[in-house]
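Below is one structure, written out as structure tokens, with a few remarks after it.
The values are calculated or read from the model by the stated rules, or taken from the named source; none is laboratory data. Every value quoted in this text rests on a predicted model; they were computed, and no experiment measured them. All Cβ positions, even for glycine, are placed from backbone atoms using ideal geometry, and neighbour counts span all protein chains on display.
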Amino acid sequence: METNPKIILFQCQWCLYSEPDQQWVDHELPPFIHLVKTPCTGRINPLYILNAIQGGADGIIISGCLPEKCHFKEGNLSAFRQMDEFVNFLDHIGYEKSRVRFIWIDLQDRGRIQREISDFLTQISILGKANTLTTRIEVAAGGLNA
Amino acid sequence: MLDLKTKLQNEMTRLLNENLVDVFIAFKKEDSPLRPQPAFFRNTKELAQLEYNGLCQNNLANYLPKYSQETRIGMVVRGCESRSVNALIIEKQHPRQNLYLVGIPCSGIIDLKKIINSVGEEVTSFEEDEDIVSVVHKGQEIKFNRRELLHDSCLNCVYPNPVNADVMLTEPLPEGDPSIVREKVESFQELSRSERYEWFRHEAERCIRCYACREACPMCYCSECFVDHATPRWSESTVSPAGKHAWHIIRAFHQTGRCTSCGACERACPMDIKMTYLTDKLNFDMYENYEFVPGMDEKTQPPFASFNMDDKKRFVL
Amino acid sequence: MSDKGHNPYNPIPMHIVRAYYESNDRSLKTFELVFDDHKDCVNFFEKYNPGQFCQLSIFGKGEAPFGVASAAWEGEFVRFTVQKLGSFTQYIHTLKAGDPIGMRGPLGNGFPLDEWKGKNLVIIGGGCAFSTLYALTKHVHHPSNRPNFDQLIIIYGARTSGLCMYKHDIQSWYQREDMEIHQAIDVPEDDWLHHVGYVPDVVKEVAPSPDNAVAVVCGPPIMTKYTLPALVDLGFPPENIFTSLEKRMKCGIGKCGRCNIGSKYICKDGPVFSLAELQALPADI
Amino acid sequence: MYIIQNNKLKQTLIDWSAKFDVFAPQQVENYSQYQPINPEKELILSDIHNTRFPPKAFFLPQSEVMLKFNAKLNKLEDYIPKPKPRILFGIRPCDAKAIILLDTVFCTEEYHDPYWKNKRDATIIIGMGCNDPCQTCFCTTVGGSPFNHDGLDALITEVDGALFVETFNEKANELFYSFSKATKEQEKHVHLIQKSTKSGMNKAFETKGLKQNLDQIFESEYWTQISESCLGCGVCTFLCPTCFCFDIVDEIYRNQRVRNWDTCMFRVYSQEASGHNPRPTRKERTRQRLMHKFSYWLDHVGEIGCTGCGRCVRYCPVGLDIRAMLSASYEAESEVVNV
């Protein structure tokens, strides 16, 4: 890929990374990765994902707490159900499922988020720029006034 | 079918006379025999207009959330409708005790567009029995095989019998074959990624954003839809590809675990957009992953409204 | 009104020169706008008449209609008071002096000042709808316009004293001998010296004489609903009671079709209607 | 009056497309729709159900860019495209009359809508008379006819496989001058057929006194009854050739100000920022739709705002029939209007 892919990282605000990892995510993320903090992964509406895709994101990472450790007891599980189904559904209409990754990270997983991101970047660079699902910038051939 | 209509009329007369319901939702005749219309019967005088045949194409459960919870509603339910009613009861849109459901096992809804496309609008009479539909068009009688006229979603129907009726008007019909719709979903999935996207794009492209699919759907009862949100604006109201895609994706996805495959959305669409291939996939996944079929009873919460610690086992990483 | 070659949807480029909060809860903010191009300014003031409104336009945010709160003689600026309510007004509240903004207008009919010549004016306003009435008052105050009208009585109500707009100016009106001013708030406050109560009640209390007088009412729907009958009771004929209406608008020039009451468009045939006109229209507001 | 043989028509259209953008009804999925002329596709001139999408979209596209602004969101680029000259071929008289009606909205004395006007000025409209009006059509009831001239530059009548062209102005004459002229007898015959087709259509409802009646029953229970089965979708209004309401939105991703069709049947149509909605239920919304067409239009321009194309009847998901609704309005009891 010629230019850097655009990545959106959704992080649950309770999903604590180890100190250096959190420091890195908060302050040292490369500029092409956009961090969005949510109150819980359960708050992530499929609309957020779709808006990210239509806004031109090439990949989306959702990072939440471990199953038993959700601040709201079950938010991350219902989020998982929804996100899992939503990406399967997007896959059904031709969007590459592997552009969306859902991870559960814990305080102990030192360095994991960095590994995940670099792994994900490799994956996205193999897929290339997203070309299914039109972004909001594009309009139909001939423009709107045709 | 005359027999069925009389039975329905008798049942409705009883309910209205004994004041067991405030309103009874069924269908009434219109000027054109092709277009029976949802009707709301409040007294027995109106019953002369009652109609029931295969052309009654709307899902009447759609009207439930529009009445207050105290209204005692009587309703004609077919298989899909009764499941929609259940799904609405689960979502507390109407209490079960205020509903009186008159069940009719359904042998499929006739797609009006199929008749019009083959003969035209000028149909002056419509008759049907189990296998044959005959219409009179410009004085000429034309016969069709009933199955050929059925709406596409009815061809895949698995549950033709109402699941929660208070009274059934006829004998139950044999259940449909669940593998038809499964094969449909699977064969769609076997297409290449670009073919699938092309299919979706082609269907969504014709959308005119009239939201007839939303309004015809019993499960789309939100008082404010995501497309109507002003802050933040979740999707474009412009008929750009992005706007149309967003509408079709999210509309379908909001039906996960709630859609009863009645096909009302497709029948309402003025641009003949196919939509059930989206919801079929969602239903397929719900069954594969959670063994859930929407609306089979009035208690089981749909998968997205519940959770299970076992889910994590499916999650590999 | 506008010449036919011109695109009526094109906003006039403007700048904000002054922006300040009007109320103590910061829900009302006043903006004074100047024209980037002097030609637009001349054009605007050729047509402008108190009671008209303009569509303020921010690219990327949309457009919304606001009543003009300044009179032409005040200078080459246009004043608006904006209540923070929806997405557009939330954004406009973040703007400050120097920021660019677009404006389309003046739109609507405005007050029929020619018809009112030689009459007593009873101006009744409530809440932030007082803005166009403020423009009207300012217009009347000008020495060249003042002789055209006889008595001037103003009744202005707000929920609390903190929500009263244009405080400084209104305070000075008490010193003027050519007018009468009555201010009211809904609930009593400690150092409030004026009326307490709802506007319709204050109107009954003040009881302006209907002789050779016109009444202009602007306020929230609930206030208008009760004030209009109160005026009728005082003996004002419906032809001499005027009110300004509002509805959701988009185009402002009678094309987009949403702001109608019966066959009248508020944006084109209004926003100022007499009660007599309103009585002939269906109740669709 | 000129004659074109049916088999020569397509070539004629293709010839015109050298100078014009030519649009004619062609098959899309199961229905016909105006498309740029395509030599490989068949023309559909005798679709008795008319095109599904109304031709108003040629002048008021469903989404139309009005202005463009730069990324800093302040300066605007004037954006009024001047379209290439074009020909709309095969439009039905009802749809053509609708365009005349819409002219009265968009080109008023005070304001000319430049987007509408430019497209209008660049277009030649050639109509196709209806020899076989559909059961759901009711153009004669609302003052039209299957061979109405309003809004057309030329009208084609098909008689026994030949197309007879009546031209109404110089623009159209220029297009057809090379064709042979019809004889007096043929002309007579064509007019006879036009007349008999027109008289064969029934009156669907009484229009005399309709406005007065509707005005009287504004507060009636009738509106609740007819709107009870209405779903509140936008099919009737979006497919209507005379509905023109629009919404203006800013698309920040593309830096455009766009106008989109809107409809009085939607909940949010008249909802204000304060949350107040003057038309909160389907009753008020249905009333607005019917009153606008059959009462307010008469106040504005003296004509009914409906041309009887029948699309709203054909595509209503619940089979609501505007003809039946209006006929029933005469039986509705009026109630006292309170202001």
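Numbers for the structure displayed
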| quantity | calculated |
| --- | --- |
| Any hit, the stretch C:251-266, residues being in contact (Cβ under 8 Å) with a residue 24 or more places away in the chain, buried (at least 20 other Cβ atoms within 10 Å of the Cβ) and in a helix (DSSP H, G or I) | yes |
| Among the residues listed as D:ARG287, D:ARG257, D:ARG279, the single one being in contact (Cβ under 8 Å) with a residue 12 or more places away in the chain, within 18 Å of D:GLU64 (Cβ to Cβ) and within 9 Å of chain C (Cβ to nearest Cβ) | D:ARG257 |
| Criterion violated by C:ASP190 - all others in (1) charged (D, E, K, R); (2) free of Cβ contacts under 8 Å to residues at least 40 places away in the same chain; (3) touching a helix residue (DSSP H, G or I) at 6+ places or on another chain (Cβ under 9 Å) satisfied | (3) |
| Selection count, the stretch C:230-257, where residues are at negative phi, within 21 Å of the chain's Cα centre (by Cα) and not hydrophobic (A, V, I, L, M, F, W, C) | 9 |
| Selection from the stretch D:189-212 of residues that are surrounded by 12 or more Cβ atoms within 10 Å (Cβ to Cβ) and assigned to a loop (DSSP other than H, G, I, E, B) | D:MET201, D:ALA204, D:PHE205, D:GLU206, D:THR207 |
| Residue, surrounded by the fewest Cβ atoms within 10 Å (Cβ to Cβ), within the stretch D:14-32, restricted to residues that are more than 14 Å from chain B (Cβ to nearest Cβ) and of a type in the set (S, T, N, Q) | D:SER17 |
| Answer residue from the stretch A:65-100, given it is among the hydrophobic types (A, V, I, L, M, F, W, C) and not in a helix (DSSP H, G or I) and is nearest to the other protein chains (Cβ to nearest Cβ) among those | A:ILE93 |
| Residue under evaluation D:TYR269, criteria (1) surrounded by fewer than 23 Cβ atoms within 10 Å (Cβ to Cβ); (2) more than 9 Å from chain C (Cβ to nearest Cβ), criterion not met | (2) |
| Selection from the stretch D:128-155 of residues that are farther than 16 Å from D:LEU101 by Cα and in contact with an Asp or Glu (Cβ under 8 Å, 6 or more places away or on another chain) | D:MET128, D:GLY129, D:ASN131, D:CYS134, D:GLN135, D:THR136, D:ALA154, D:LEU155 |
| All positions within the stretch D:33-72 that are facing another protein chain (nearest Cβ under 7 Å) and among the small types (Gly, Ala, Ser) | D:SER63 |
| Wholly enclosed strands (runs of 3 or more DSSP E) of the stretch B:24-118 bearing at least 3 residues of a type in the set (Val, Ile, Thr), in contact with a helix residue (DSSP H, G or I) (Cβ under 7 Å, 6 or more places away or on another chain) and not assigned by TED's automatic domain parsing to the domain that holds B:ASP131 | B:73-77 |
| Subset of the stretch B:229-255 that is over 17 Å from A:ILE137 (Cα atoms) and outside any loop (DSSP other than H, G, I, E, B) - its residue that is farthest from the other protein chains (Cβ to nearest Cβ) | B:ARG251 |
| Yes/no for D:CYS312 being in contact with a Lys or Arg (Cβ under 7 Å, 6 or more places away or on another chain), at pLDDT 90 or above and of a type outside the set (Gly, Ala, Ser) | no |
| Matching residues in the stretch D:252-267 - criterion: being in contact with a strand residue (DSSP E or B) (Cβ under 8 Å, 6 or more places away or on another chain) and among the aliphatic types (A, V, I, L, M) | D:VAL258 |
| Selection from the stretch D:108-130 of residues that are in contact (Cβ under 8 Å) with a residue 12 or more places away in the chain and assigned to a loop (DSSP other than H, G, I, E, B) | D:ALA122, D:GLY129, D:CYS130 |
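Residue-by-condition table, conditions (1) farther than 20 Å from D:GLY310 by Cβ; (2) among the aliphatic types (A, V, I, L, M); (3) assigned by TED's automatic domain parsing to the domain that holds D:TRP16:
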{"site": "D:LEU76", "(1), (2), (3)": "yes, yes, yes"}
{"site": "D:PRO85", "(1), (2), (3)": "yes, no, yes"}
{"site": "D:GLY90", "(1), (2), (3)": "no, no, yes"}
{"site": "D:CYS94", "(1), (2), (3)": "no, no, yes"}
{"site": "D:MET128", "(1), (2), (3)": "no, yes, yes"}
{"site": "D:LYS171", "(1), (2), (3)": "yes, no, yes"}
